[in-house]
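Trainee: Dropping the structure in here first, questions after.
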Amino acid sequence: MENNLNDFWAGLIVEELIRCGVDHFCITPGSRSTPLVVAAARNAKAQCVICFDERVAGFYALGYAKAANKPAVVITTSGTAVANLLPAVTEAHTDKVPMFLMTADRPEECVDTGVNQTLRQTEIFAGFLRWCHSLPCPTEAFGPEAVLTTIDQAVFRTHSLGGGPVHLNCRYREPLESCEPCIDEKQTAKINNWIDSNVPFTSYQETQLCLNEKTLDNVLGAIKGAERGLIVIGGLKTNLEREKISALTEKLNWPVYADITSGIRLSVPATSGIRYFDQQCLSSEFNQAARPSVVLHLGGRTTSKRLDQFLDDCRPDPYIVIDSSPDRYDRVHAVTMRIQADSAQAAAMIAKKIDTGQESPYSGLMRKISTQTNAVIEQMIEDDTRLSEPFVARSLSRIIPEDSCLFLSNSMPVRDMDLYGVNNRKTIFSAANRGVSGIDGVLSTAIGLTTARETPTTLVIGDVAFMYDLNALALLSRQALPIIVVVINNQGGGIFDFLPISQSPDVLDKFFVARHDFQFAGVCETFKIDYYKACEKEDFIPAYAEAVKKRMPVVIEVMTDRKTNLELRRSIKNKMIEILEQSIQ
């Protein structure tokens with residue numbers, strides 16, 4: 001009976017997840033999780049992907065949820081398998097990404113007794129979860145209806161407070177192997193209606209976070225008639241958010257800083273958008289001349305550190321943030337009004353209450369500077385004959401296919417695209433792991449993202465980050481997904497050239513840059529993934545165009561020089577400062 005209950009409960013769990021719309025399962029090999037794995041494998045409605053590595057599985061689920069806006073389920077066995085999920089969990093928690101962790105565990109009587117592969121699993125993710133629950137070993141005393149409502153609650157919680165990870169710990173006693181179920185009818189009496197239907201046992205309705213009239217009036221009072229208004233658009237999750245917020249920017253006719261993670265930065269240029277805001281914050285003199293009187297921030301966090309410094313110097317009042325998450329996005333402690341509301345709905349409500357604005361002298365100045373900075377970046381990158389990272393970012397923003405995905409690794413790739421990418425009217429879904437901004441699991445996340453989107457993806461990743469996630473290549477080679485992996489190989493951590501430690505050459509290369517001679521061609525051959533190499537400026541665009549045609553996994557290794565990248569970036573920076581200071585004289 002115990003063995004049958006193991007299978008029965010596991011079957012209930014998988015079926016209820018699917019009825020709740022959670023049908024993608026990332027399965028890692030293990031013994032204690034046998035009932036859960038068998039239940040997923042034998043449910044015809046479950047979509048299963050096998051990951052050899054739990055860390056890969058966690059980040060794969062993260063990428064899937066970023067694109068699908070619903071969780072994938074990660075199934076692991078007990079012990080360190082669970083601990084390997086922690087990096088992905090911290091990212092999902094911080095970046096508000098739904099994730100469903102389902103970990104198998106040994107019985108409670110095994111904990112703290114020295115039993116093999118046993119630890120206190122429910123405590124591993126403390127502080128990073130929306131909800132955590134530990135199911136007991138299957139027993140007749142715990143009715144199946146309680147199992148079903150537990151799943152319903154867990155799925156609801158993974159979407160609550162803006163989204164995040166939940167953890168369901170499932171204990172099982174041996175034997176774990178599946179057998180023919182033989183369950184007493186008394187066990188199923190309370191769920192007969194559920195058995196005969198195809199809907200969840202408990203239906204949770206979507207939480208509505210709307211602006212009330214008083215709050216809306218406060219926002220309108222702050223923005224109506226403002227001659228020096230600035231819109232900041234942070235990370236966005238849905239096309240509806242992008243559509244409604246873009247419509248509001250057109251109507252307000254204010255300057256716009258659209259972060260690279262908003263999905264608007266490259267795709268839908270606002271009429272008076274500031275396309276290179278980070279570059280415009282280089283001059284303290286210009287910052288004072290360009291200080292806004294009111295800032296309206298819609299969506300999540302932003303990437304640019306200089307934007308924070310600009311707002312810190314200006315201290316605009318009011319500085320309004322509207323986002324569905326209750327967390328504060330206020331790194332310089334300047335926000336004067338924080339509103340928890342659906343940003344798409346809020347943008348639509350505000351747009352309905354305002355008239356289309358005329359371009360103010362402030363907007364005109366910012367538009368003029370945006371045009372000038374754009375022209376300078378274009379000319380300086382074009383004139384430089386060397387293959388550089390700014391050139392790669394700018395070229396990709398132009399030639400990436402319509403309706404495709406762009407995933408940006410942390411360190412320099414996400415910054416370079418934010419700085420040097422070109423606005424165009426292509427529909428590009430852009431994303432990055434900016435929750436805690438690690439370089440681990442980047443390739444795994446991109447694979448999950450592509451699986452959910454079912455469209456071609458371009459991943460721009462540094463050499464160290466690529467090496468950090470090599471196990472994901474096994475998953476990539478089996479999936480045959482249309483992913484182009486652009487590996488920026490500058491032989492180590494190029495970002496350290498921009499940090500104060502660069503003034504200490506005795507430790508820079510060995511202890512921070514960590515120079516290497518890794519053979520990317522060899523690892524691609526091992527995993528049977530097509531490989532190209534770009535060593536000169538004229539090599540990159542043809543290699544990328546050829547990779548796009550293949551619609552299968554391709555790695556393009558781009559050889560760049562740290563010194564070259566540093567020189568070009570500094571030249572652009574100095575020219576920007578010169579233009580900014582001339583503009584206010």
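Trainee: Can you confirm whether the range 482-501 contains a residue that is under 25 Å from VAL56 (Cβ atoms) and of a type in the set (Asp, Glu)?
Mentor: No, the range 482-501 contains no residue that is under 25 Å from VAL56 (Cβ atoms) and of a type in the set (Asp, Glu).
Residues checked against (1) closer than 23 Å to SER360 by Cβ; (2) among the acidic types (Asp, Glu):
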| residue | (1), (2) |
| --- | --- |
| GLU250 | yes, yes |
| TRP254 | yes, no |
| TYR319 | yes, no |
| SER325 | no, no |
| GLN345 | no, no |
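Trainee: Do any residues in the range 490-506 that are among the aliphatic types (A, V, I, L, M) have Cβ atoms under 8 Å from those of residues that are in a loop (DSSP other than H, G, I, E, B), where the two are at least six apart or on different chains, and which pairs are they?
Mentor: Close Cβ pairs satisfying both conditions: ILE495/SER411.
Listed here are the residues, each with its yes/no results for (1) more than 19 Å from the chain's Cα centre (by Cα); (2) assigned by TED's automatic domain parsing to the domain that holds LEU406; (3) part of a strand (DSSP E or B).
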{"position": "LEU443", "(1), (2), (3)": "no, yes, no"}
{"position": "ALA465", "(1), (2), (3)": "no, yes, no"}
{"position": "VAL486", "(1), (2), (3)": "no, yes, yes"}
{"position": "PHE496", "(1), (2), (3)": "yes, yes, no"}
{"position": "ASP509", "(1), (2), (3)": "yes, yes, no"}
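Trainee: Exactly one condition in (1) surrounded by fewer than 16 Cβ atoms within 10 Å (Cβ to Cβ); (2) touching a residue at least 12 places away in the same chain (Cβ under 8 Å); (3) farther than 30 Å from MET99 by Cβ is not met by MET366; state its number.
Mentor: For MET366, the failing item is (1).
Trainee: Now for a different question. Mind telling me which of the residues ARG19, ARG106, ARG55 ends up being modelled with pLDDT under 95 and of a type outside the set (S, T, N, Q)?
Mentor: None of the others qualify; the one that does is ARG106.
Trainee: Additional query: Restricting attention to the range 369-410, and to residues there that are in contact (Cβ under 8 Å) with a residue 40 or more places away in the chain and small (Gly, Ala, Ser), which single residue is nearest to ALA465 (Cα to Cα)?
Mentor: Ranking the candidates gives SER409 first.
Trainee: Look through the range 268-306, keep the residues that are in a strand (DSSP E or B) and at pLDDT 90 or above, and return whichever of them is nearest to the chain's Cα centre (by Cα).
Mentor: Result: LEU298.
Trainee: Among the numbered conditions (1) aromatic (Phe, Trp, Tyr); (2) assigned to a strand (DSSP E or B); (3) surrounded by fewer than 22 Cβ atoms within 10 Å (Cβ to Cβ), tell me where PHE52 comes up short.
Mentor: All conditions pass for PHE52, except number (2).
Trainee: To continue, here is another question. Quick check on the range 116-131: of everything there that is modelled with pLDDT of 85 or more and farther than 12 Å from LEU86 by Cβ, which residue is nearest to the chain's Cα centre (by Cα)?
Mentor: Applying the first criterion (modelled with pLDDT of 85 or more) to the range 116-131 yields 121-131.
Keeping just the survivors that are farther than 12 Å from LEU86 by Cβ gives 122, 130-131.
Numbers: THR122: 25, ARG130: 17, TRP131: 20 Å.
Applying the filter and picking the extreme gives ARG130.
Trainee: Give the residue, chosen from SER203, SER197, that is closer than 22 Å to ALA68 by Cβ, among the small types (Gly, Ala, Ser) and modelled with pLDDT of 90 or more.
Mentor: The unique qualifying residue is SER203.
Trainee: Look at ARG306 and say whether it is of a type outside the set (Gly, Ala, Ser) and on the phi > 0 side of the Ramachandran plot. Walk me through it before giving the result.
Mentor: Values: of a type outside the set (Gly, Ala, Ser): yes; on the phi > 0 side of the Ramachandran plot: no.
Here the answer is no, as ARG306 does not meet what is asked.
Trainee: Name every residue in the range 332-362 that is at pLDDT 90 or above, closer than 26 Å to ARG306 by Cα and either part of a loop (DSSP other than H, G, I, E, B) or not assigned by TED's automatic domain parsing to the domain that holds ARG228 (or both), in order of residue number.
Mentor: Within the range 332-362, VAL332, HIS333, ALA334, VAL335, THR336 qualify.
Trainee: Which ones in the range 25-45 are surrounded by fewer than 24 Cβ atoms within 10 Å (Cβ to Cβ) and in a strand (DSSP E or B)?
Mentor: ILE27
Trainee: Turning to a different aspect of this structure: Just name the residue that is nearest to GLY143 (Cα to Cα) out of those in the range 213-223 that are out of contact with any strand residue (DSSP E or B) (no Cβ under 8 Å at 6 or more places or on another chain) and surrounded by 10 or more Cβ atoms within 10 Å (Cβ to Cβ).
Mentor: LEU216
For (1) surrounded by 19 or more Cβ atoms within 10 Å (Cβ to Cβ); (2) in the same structural domain as VAL89 (by TED's automatic domain parsing); (3) out of contact with any Asp or Glu (no Cβ under 7 Å at 6 or more places or on another chain), each residue gets a yes or a no:
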{"position": "PHE142", "(1), (2), (3)": "no, yes, yes"}
{"position": "GLY164", "(1), (2), (3)": "yes, yes, yes"}
{"position": "ARG173", "(1), (2), (3)": "no, yes, no"}
{"position": "LYS190", "(1), (2), (3)": "no, yes, no"}
{"position": "PRO200", "(1), (2), (3)": "yes, no, no"}
{"position": "THR207", "(1), (2), (3)": "no, no, yes"}
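Trainee: Can you spot a residue in the range 219-239 that is among the polar types (S, T, N, Q), in contact with an Asp or Glu (Cβ under 9 Å, 6 or more places away or on another chain) and in contact (Cβ under 8 Å) with a residue 40 or more places away in the chain?
Mentor: So far as the range 219-239 goes, no, none of its residues is among the polar types (S, T, N, Q), in contact with an Asp or Glu (Cβ under 9 Å, 6 or more places away or on another chain) and in contact (Cβ under 8 Å) with a residue 40 or more places away in the chain.
Trainee: I would also like to ask the following. Mind checking whether some residue in the range 307-328 is assigned to a loop (DSSP other than H, G, I, E, B), of a type outside the set (S, T, N, Q) and within 20 Å of LYS66 (Cβ to Cβ)?
Mentor: yes
Trainee: Please work out which residue is surrounded by the fewest Cβ atoms within 10 Å (Cβ to Cβ), limiting yourself to the range 96-126 and to residues that are among the small types (Gly, Ala, Ser) and over 30 Å from LEU236 (Cβ atoms).
Mentor: For the range 96-126, the residue satisfying everything is GLY114.
Trainee: Quick test of your reading of the structure: GLY235 fulfils all but one of (1) modelled with pLDDT of 90 or more; (2) surrounded by fewer than 23 Cβ atoms within 10 Å (Cβ to Cβ); (3) small (Gly, Ala, Ser); (4) not in a helix (DSSP H, G or I). Name the failing condition by number.
Mentor: It is condition (2) that GLY235 fails.
Trainee: Can you spot a residue in the range 64-84 that is basic (Lys, Arg), in a helix (DSSP H, G or I) and not assigned by TED's automatic domain parsing to the domain that holds LEU481?
Mentor: Here is the first cut: in the range 64-84, the ones basic (Lys, Arg) are 66, 70.
Imposing the further condition that a residue be in a helix (DSSP H, G or I) reduces the set to 66.
Checking which are not assigned by TED's automatic domain parsing to the domain that holds LEU481 leaves us with 66.
Looking through the range 64-84, at least one residue is basic (Lys, Arg), in a helix (DSSP H, G or I) and not assigned by TED's automatic domain parsing to the domain that holds LEU481.
Trainee: Output the number of residues of the range 97-130 satisfying the condition of being within 24 Å of ILE151 (Cβ to Cβ), in a loop (DSSP other than H, G, I, E, B) and not hydrophobic (A, V, I, L, M, F, W, C).
Mentor: Of the residues in the range 97-130, 6 are within 24 Å of ILE151 (Cβ to Cβ), in a loop (DSSP other than H, G, I, E, B) and not hydrophobic (A, V, I, L, M, F, W, C).
Trainee: Ok, one more. Of the numbered conditions (1) in contact with a helix residue (DSSP H, G or I) (Cβ under 6 Å, 6 or more places away or on another chain); (2) outside any loop (DSSP other than H, G, I, E, B); (3) among the hydrophobic types (A, V, I, L, M, F, W, C), PHE429 fails exactly one; give the number of that condition.
Mentor: (1)
The values are calculated or read from the model by the stated rules, or taken from the named source; none is laboratory data. These numbers come from a predicted model, not from an experiment. Don't worry about glycine lacking a Cβ; one is built from the backbone with ideal geometry, like all the others, and counts go over all protein chains shown.
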